[in-house]
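Some notes on the structure that comes next.
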Amino acid sequence: MAVRCRQHPPALDAGRVPDDITADLAAVAAGALPQPLSYLIAGTARGHGRVRSVPAGPPR
């Protein structure tokens, strides 16, 4: 059985919320944040703390 682990950003582990993360990035950005980045932050936050177990390959 193969194990695959995906790490979540430390900001979420520290209790930050997606709106604060996005606001902090927007404050230091040269222009507007790309919309896909905002979607990525929100999507990552939705999945934060979940554990998912799936087979790594076809059953034998």
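Note on the range 36-60: residues that are of a type in the set (A, V, I, L, M, F, W, C), in a loop (DSSP other than H, G, I, E, B) and within 15 Å of the chain's Cα centre (by Cα) total 1.
Among the residues of the range 38-60, those that are open to solvent by 60 Å² or more (accessible area, probe 1.4 Å) and more than 12 Å from Leu12 (Cα to Cα) comprise Tyr39, Leu40, Arg50, Val51, Arg52, Ser53, Val54, Pro55, Ala56, Pro58, Pro59, Arg60. What is the residue count in the range 18-28 for residues that are of a type in the set (Gly, Ala, Ser) and within 19 Å of the chain's Cα centre (by Cα)? Summing the residues that are of a type in the set (Gly, Ala, Ser) and within 19 Å of the chain's Cα centre (by Cα) in the range 18-28 gives 2. Of all the criteria given as (1) surrounded by 10 or more Cβ atoms within 10 Å (Cβ to Cβ); (2) at pLDDT 90 or above, the one not satisfied by Ala11 is (2). Using the structure shown, decide if Ala23 is modelled with pLDDT of 90 or more and open to solvent by less than 100 Å² (accessible area, probe 1.4 Å). Taking the combined requirement at face value, the residue satisfies it. Annotation: of all residues in the range 26-35 being of a type outside the set (A, V, I, L, M, F, W, C) and either under 20 Å from Arg46 (Cα atoms) or not in a loop (DSSP other than H, G, I, E, B) (or both), the one that is least open to solvent (accessible area, probe 1.4 Å) is Pro34.
The values are calculated or read from the model by the stated rules, or taken from the named source; none is laboratory data. What you see is a predicted model; the values in this text were computed from it and never measured. Counting neighbours? That spans all protein chains shown, and the Cβs are built from the backbone with ideal geometry, glycine included. Just the protein is used for accessible areas: all its heavy atoms, side chains included, with ligands, DNA and RNA removed. Shrake-Rupley method; radii C 1.70, N 1.55, O 1.52, S 1.80 Å.
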